[in-house]
Amino acid sequence: MPRRVKRHFSEETWDEFYRRYQVILANNFLIPVLSRWGVALEGKKLLEVGSGDGGCSAAFFRAGCAVTSMDIDERLVGIASDLNRREGLDIEVVQGDVCDIRNKALEREPFDIILLRDVMEHIAEPTLAFENLKDKLSDSGFIFVVFPPYYSPYGAHQQILPRKKLLFLPYNKLPYIQLLPDRLFLSLAKGEGAPNQEVARLRTIRLTIRKFERIVGAASLWIRGKKLYLSRPTFALRYGIPVLGASVLGKVPLLNELAVTAAYYLLERKKKGQR
C-alpha cells in the first residue's frame, strides 16, 4: 500500500501539502503506469497542463524530463514557481489557457509527453484543446490524460462545495448527486463562491468515458493505452483505500460510467491505417 499523505498543517501550508501529495501520486502511480506502457522519461520534453502547485511536474523533472508547467490560475503559477525555486528545480511555469493557441507554454514545442491530470473534465472546449496540443507533439509524442468520468460517485466534484445539509446529511459528501434532475442539482450547487460556480460549470461539460473517446477520435488521436479504476489511486493516498482496477466492469457501457472513478489514457497521433 502506498504511503498516505498525512501531516499536520502546522508543519506546512495547504499548497505545500498538496504539492507533496502530487509528488507522491506521480511517483507511485503516474510514472509507473507510463513505464508499463513503454514510455521512457529520461531526456524527454514534457508539458503539464493544469499543473496547479506543480508537484507532478516536480516528480517528472526528477525522473529526467525537461519540464514546462502551465496553469490558467495566476496565483497557482506564482506558488509553483516559488516552490520550484526553493527546491532548486529548473522548471518554467507559464500562465495560460490550453484552448488559446497563442499560449506561451505552447511555444516550447515539440513535446514528447503532454500531461493533463484531472484537468480534462474542466475544459469547456476539449476538441479545441486536443487540436492545439496534438500539433505540439513530437513525431513519437504522447498525450497522457487522467480524469474522473462525470457520472462516477464524485465526478461532479460535489466534495468542493461548501458544507451544507440535505435533510440531515452533508450533501457535498454524498455520491451520485449529479444523477438528480438539473433543476434540483443546480439548486444544491447554487452560490456565489468559485466552488459553486465550478460545480455548476462541470454540469454543462459532463465529460464521460464515451464522450471523451468520441472527442479523441474526432481529433484524429489514437488510444495507445487505457486503464480504468473502480477505486482510483488518489483514494489510496487520501483515505488508505486499496487501488482497484475496473476489469470487466470497465467494458460494460453505461455501467462503466457509474462505476469507474478514474480513467487513464495514453494518446498519440493517429497513423495511417489506425481506427
Could I have the simple spin-label model distance between Lys165 and Leu128, label points 7 Å from Cα toward Cβ, reported in nm to one decimal?
-> 4.3 nm
Out of residues 5 or more away from Gly155 or on other chains, whose amide H comes under 5 Å of its own, with H placed 1.01 Å from N in the peptide plane?
-> Tyr176
Using a basic spin-label model with each label point 7 Å from the Cα along Cα→Cβ, how many nm lie between Glu198 and Asp139?
-> 4.0 nm
What order, most packed first, do the peptides 147-155, 84-92 have when packing is the mean number of other Cβ atoms within 10 Å of each residue?
-> 147-155, 84-92
Rounded to the nearest Å, the spacing of the alpha-carbon centers of segment 58-126 and segment 152-217 is 26 Å
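Cut-off is 10 Å between beta-carbons; in what order do Leu221, Leu244 appear when sorted fewest neighbours first?
Details: Leu221 24, Leu244 14.
Fewest-to-most ranking of Leu221, Leu244: Leu244, Leu221.
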Hey, with R₀ at 41 Å, roughly what FRET efficiency would Arg102 and Trp37 work out to, going by the Cβ-Cβ distance, to 0.05?
-> 0.80
Could you pull the Cα extents of segment 152-247 along its three principal axes, largest to smallest, in whole Å?
-> 45, 34, 22
Across segment 148-162, in residue order, what do the Karplus-derived ³J(HN,Hα) couplings come to in whole Hz, using 6.51 cos²θ - 1.76 cosθ + 1.60 with θ = phi - 60° and x for Gly and Pro?
-> x, x, 4, 8, 6, x, 10, x, 7, 6, 4, 5, 8, 5, x
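Can you give the % of DSSP beta bridges in the chain that are antiparallel, to the nearest 5? If you can, show how the numbers build up before the last one.
Details: 17 of 36 bridges.
Percent antiparallel among DSSP bridges in the chain is about 45.
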So for R0 = 22 Å, FRET eff. of Ile241-Trp14 from the Cβ-Cβ r, to 0.05, ends up at 0.50
Dimensionless Rg over Rh [segment 159-203; C-alpha; Kirkwood] | 0.91
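Need one word for segment 78-166: rounded, prolate or oblate. Basis is the Cα gyration tensor (sqrt eigenvalues a ≥ b ≥ c); a/c below 1.5 gives rounded, then a/b vs b/c decides. Before the final figure, lay out each step's value.
Values: a/c = 2.26, a/b = 1.37, b/c = 1.65.
Oblate.
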Sparse-neighbour loop sites [GluC sites (Glu not before Pro); segment 147-239; at most 15 other C-beta within 10 Å; DSSP] | Glu192
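Give me the compactness ratio for the chain, meaning the Cα radius of gyration over 2.2 N^0.38 Å. Numbers along the way, then the final one.
Details: Rg = 18.4 Å, N = 275, 2.2 N^0.38 = 18.6 Å.
Rg over 2.2 N^0.38 Å, computed on Cα atoms: 0.99.
We did not get these values from a lab; they are worked out from the coordinates using the rules stated. The shown structure was predicted, so the numbers you read here are calculated from the model rather than taken from an experiment. Positions of Cβ are backbone-derived with ideal geometry, glycine not excepted, and every protein chain shown enters the neighbour counts.
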